[in-house]
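Every read-out reported here was derived from the displayed coordinates using simple, explicitly stated rules and does not represent laboratory data. All figures in this text were calculated on a predicted structure; none of them were measured in a lab. Here Cβ is always computed from backbone atoms with ideal geometry, including for glycine, and neighbour counts include all displayed protein chains.
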Amino acid sequence: MHHLLIPRATARVIAAALLVLAATTAMVVGTSRPAAAALPHPTTTAVSCPDADTYGTPSACTITVTDVAPGWMGSKKVPTGTAYVDTILNRLDVQGSPCTLAGISDRAASCDVTVTPTDLGHIAPGAVFVPSGDFLPSLGATVIYADPAPLTVTADDLGRAYGAENPELT
């Protein structure tokens, strides 16, 4: 038997995804439909990391959660809860996760974290919204491409006579 070890934060992402699936399935195949007011509002989660593109350089990421309830559920609300940010295989150092959402409109809330790419290439930071109110959890992700950090080398302006010892570099 093979065992797969995954980071605790990634396990939370998977658990939240299973909760979303279970809640959605229960509403679809349930034998009785609860009153519209009792249904939790569905949400979407988006992750934006516009400047996280250089290895080892901290950059801001914004997690935005939006209430996407259909009109028959009543008025839209500002999502309340917490967002957890992680990446599979720990290819980012994340500071500020989990973060508590703050309202930015009549139906959306966001929070910021700082990410530092610890690997090169394509990296997919993901976020899980864990609601504290009348909302369904949701997942979101983005893909960034981390380039190598710039390297600058400055050579000493030295010379030597033919056959002499090499000068010491500093």
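Neighbours of TYR55 by Cβ distance under 15 Å: Lys/Arg scored +1, Asp/Glu scored -1, total -4.
Taken along the Cα-to-beta-carbon direction at a fixed 7 Å, the label points for ASN90 and ALA46 span 3.2 nm. Of the trypsin sites (Lys or Arg not before Pro) found in segment 69-170, those that fall in a DSSP loop while having at most 14 other beta-carbon atoms within 10 Å are ARG160. Each other residue within a Cβ distance under 12 Å of HIS122 adds +1 if Lys or Arg and -1 if Asp or Glu, for a net charge of -2.
Check each of the chymotrypsin sites (Phe, Trp or Tyr not before Pro) in segment 74-170 and keep only those in coil by DSSP with at most 13 other C-beta atoms within 10 angstrom; list them in order.
Details: sites: TYR84, PHE129, PHE135, TYR145, TYR162; in loops: TYR162.
Taking segment 74-170 and a limit of 13 other Cβ atoms within 10 Å, the loop chymotrypsin sites (Phe, Trp or Tyr not before Pro) found are TYR162.
A simple spin-label model places pseudo-atoms 7 Å from Cα toward Cβ; at ALA102 and ASP157 they are separated by 5.1 nm.
Within 13 Å, Cβ to Cβ, of ASP67, how many net charges do the neighbouring residues add up to if Lys/Arg are +1 and Asp/Glu are -1?
Numbers: positive: LYS76, LYS77, ARG107; negative: ASP106, ASP134.
Net charge around ASP67: +1.
Assuming R0 = 30 Å, what is the FRET efficiency of ASP112 and TRP72, from their Cβ-Cβ distance, to the nearest 0.05? Please report the intermediate quantities before stating the final value.
Values: r = 34 Å, r/R0 = 1.12.
It comes out at approximately 0.35.
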